[in-house]
Each structure stands twice: as structure tokens, then as C-alpha cells.
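**Student:** Below are the C-alpha cells for one structure; questions will follow.
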Amino acid sequence: MGIRRNFSAEFKAKVALEALVGDQTLADLGAKHDGHPNMIAQWKRQAKDSDFCLEALEEALAKYGTPEIFNTDQGCQFTSDDFTDVLKEAGVRISMDGKGRWMDNVFIERLWRSLKYECVYLHAFQDGGQARQEIGTWLRYYNEERPHSVHADDRTPMEEYTLRRAV
């Protein structure tokens with residue numbers, strides 16, 4: 001098994017920019033920077049996503065106002081100067097999950113996995129309105145009717161919430 005290397009966000013962005021320019025193949029870049037071509041391809045995709053993330057951030061700030069704090073992982077699309085400058089100029093505190101903090105997201109990741117496999121992948125939504133309605137129905141089922149083995153006695157999330165709130 002190979003050694004797993006941790007590359008800085010700045011390094012990933014630099015290599016992604018080289019990949020976007022397209023003067024070298026991903027294999028050449030991998031050899032040059034001691035990284036697998038698939039990893040460099042992922043950094044390249046993330047760099048392209050940076051523009052999307054920046055546009056989404058600006059739209060959200062304009063539509064919903066300025067939050068007190070903004071939390072993300074350390075993906076290069078969120079650590080770019082362009083992205084963080086928008087937050088800083090708006091007076092938003094920036095919080096980034098540290099490496100190895102997968103446990104912070106395990107519950108929400110489980111929710112998204114369940115939503116995809118139990119609802120989204122089973123329906124061919126005709127439009128956004130139908131998707132909103134079906135997903136809303138599924139979320140109510142998930143929270144109020146579907147037992148969860150993670151809770152004692154297979155309680156639903158609403159039962160667990162109500163029980164903890166009473167204490």
C-alpha cells in the first residue's frame with residue numbers, strides 16, 4: 001500500500017491551475033508533482049467548481065444576508081483567496097473543519113445517503129416542485145415515522161429530540 005500524502009490547499013490549487021492550462025497531460029503532472037493523475041483530475045474539477053461556489057456564495061449573501069459564521073471543509077474551492085475575501089469583506093467569521101474531522105459530518109452524511117437511496121433515486125421528478133414535495137414528505141417520514149437503530153429502542157429522530165429536550 002502506498003503512502004498517503006497530505007497536500008496543502010495552495011499546492012492543490014497550483015497543480016490544478018497547471019492542469020487547467022492543459023500544456024501537460026495529467027500523467028505528466030502526476031510525475032512532476034509526485035501525485036496520482038486521478039488525484040490531479042479531482043483537483044482540476046474542484047478548481048472549476050470554485051467559480052460555481054463563489055457565485056453561489058455571492059448569491060446567497062445577496063438573497064439571505066450575512067451570516068455570523070460560515071463553516072466549510074478545506075476544499076480548495078473554499079480556501080481560495082477569492083472565496084475567503086468575499087466572506088471577510090462581508091464581516092463573516094470563517095470556520096473550517098480540520099483534517100480528520102469526518103465525525104463532524106457523519107450524521108448529515110448518513111441523512112443525505114438515506115435521502116438519495118430511499119427517495120431521490122426511486123423517483124423521476126418532473127420538476128422542482130414535485131421534488132420539493134416528495135423530499136418534504138420523505139423528510140417527515142424520516143423524522144417522525146422511520147425508526148433509527150442508532151437511537152435506543154429504535155426511536156425516530158423526533159422521539160429522540162423530544163426525549164432529550166424534556167431532560
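**Student:** Quick one: would you say residue 63 is of a type in the set (Lys, Arg), surrounded by 13 or more Cβ atoms within 10 Å (Cβ to Cβ) and part of a helix (DSSP H, G or I)?
**Tutor:** no
Conditions (1) out of contact with any helix residue (DSSP H, G or I) (no Cβ under 9 Å at 6 or more places or on another chain); (2) part of a helix (DSSP H, G or I); (3) within 30 Å of residue 136 (Cβ to Cβ); (4) at pLDDT below 85, marked per residue:
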residue	(1), (2), (3), (4)
3	yes, no, no, yes
29	no, yes, no, no
40	no, yes, no, no
56	yes, yes, yes, yes
77	no, yes, yes, yes
103	yes, yes, yes, yes
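**Student:** Same structure, new question: With respect to residue 83, determine if the residue is in a loop (DSSP other than H, G, I, E, B) and modelled with pLDDT of 80 or more.
**Tutor:** Taking the combined requirement at face value, the residue does not satisfy it.
**Student:** Pairs, please: C-beta under 9 Å, at least 6 apart or cross-chain, first residue assigned by TED's automatic domain parsing to the domain that holds residue 119 and under 17 Å from residue 106 (Cα atoms) and in the stretch 138-155, second in a loop (DSSP other than H, G, I, E, B) and of a type in the set (A, V, I, L, M, F, W, C)?
**Tutor:** 142/119
The values are calculated or read from the model by the stated rules, or taken from the named source; none is laboratory data. These numbers were taken from a predicted model, which means no experiment stands behind them. Note that each Cβ is placed from the backbone with ideal geometry, even for glycine, and that neighbours are counted across all protein chains shown.
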